[in-house]
Amino acid sequence: MDDLTFHQSLEALATNAYNPDLSTNDSPSEPISQTISRWHALFSIPESTAVDRILEHRNNLTRIRVSDAHWEAVEAERVASGYDREAYEYELELQKKRALLPELMPESEGAFTVTYLVELAGPLESPEKVQRAAEGREVSLCCLDGAAKNALLRWAAEEGGGSEPTILVNPKSLR
């Protein structure tokens, strides 16, 4: 990493640590209830989960921040769609995760002999919902093979509204 890249990285961290969108005397901040409602509607996540996602996003010092010029260019269209700047930046983070998803999936079928354990929570609160997200592959006690795990991650990235399922390797499958 050269000095310029390092400096830009530090500047991005500092910018994210300092939130210029916080209220000032001439522009009061939006009540959290409105932000929660917006994220619930935009990202199809339960309101209780929306609170966690908002706080995670705000505390993520490496999150994507759009420039003022970028926001001005897309603001009218995004606001008409229900977004504010913060929700738009979160949407960009979700798009980034979706773009990286294929890189996270193993190429070989050999990886599909391992089974995974999935926590039943959020939008994946039942084995039936996990099975649907895993593209109908067999799910027993929410144990998944590698192909179903990959399908589940794809579903989470595309339709899960930012939900990241907790997936663990089943130690019995490694024997």
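The values are calculated or read from the model by the stated rules, or taken from the named source; none is laboratory data. A quick note: this is a predicted structure, and the numbers were derived from the prediction, not measured. Note that each Cβ is placed from the backbone with ideal geometry, even for glycine, and that neighbours are counted across all protein chains shown.
Looking at A14, A73, A80, which one is farther than 30 Å from R132 by Cα, at pLDDT below 65 and not assigned by TED's automatic domain parsing to the domain that holds D145? Give the derivation first.
On the way: A73 fails: at pLDDT below 65; A80 fails: at pLDDT below 65.
Answer to the selection: A14.
Can T166 be described as at pLDDT below 75, within 30 Å of I32 (Cβ to Cβ), β-branched (V, I, T) and not assigned by TED's automatic domain parsing to the domain that holds N59? Quick ask: steps written out before the conclusion?
Numbers: at pLDDT below 75: yes; within 30 Å of I32 (Cβ to Cβ): yes; β-branched (V, I, T): yes; not assigned by TED's automatic domain parsing to the domain that holds N59: yes.
So T166 fits the description; yes.
Quick check on this structure: which one of P106, P102 is part of a loop (DSSP other than H, G, I, E, B) and at pLDDT below 75? So that I can check it myself, show each step before the final result.
Values: P102 fails: part of a loop (DSSP other than H, G, I, E, B).
Sole residue among the options that is part of a loop (DSSP other than H, G, I, E, B) and at pLDDT below 75: P106.
Within segment 18-43, track down each residue that is of a type in the set (S, T, N, Q) and at pLDDT 85 or above.
Result: S33, Q34, T35, S37.
Do we have T5 as surrounded by fewer than 11 Cβ atoms within 10 Å (Cβ to Cβ), at pLDDT 60 or above and assigned to a helix (DSSP H, G or I) here? Show your work before the answer.
Details: surrounded by fewer than 11 Cβ atoms within 10 Å (Cβ to Cβ): yes; at pLDDT 60 or above: yes; assigned to a helix (DSSP H, G or I): yes.
Yes.
Taking the condition assigned to a loop (DSSP other than H, G, I, E, B), among the aromatic types (F, W, Y) and surrounded by 13 or more Cβ atoms within 10 Å (Cβ to Cβ), does Y83 pass?
Numbers: assigned to a loop (DSSP other than H, G, I, E, B): yes; among the aromatic types (F, W, Y): yes; surrounded by 13 or more Cβ atoms within 10 Å (Cβ to Cβ): yes.
Yes, satisfied.
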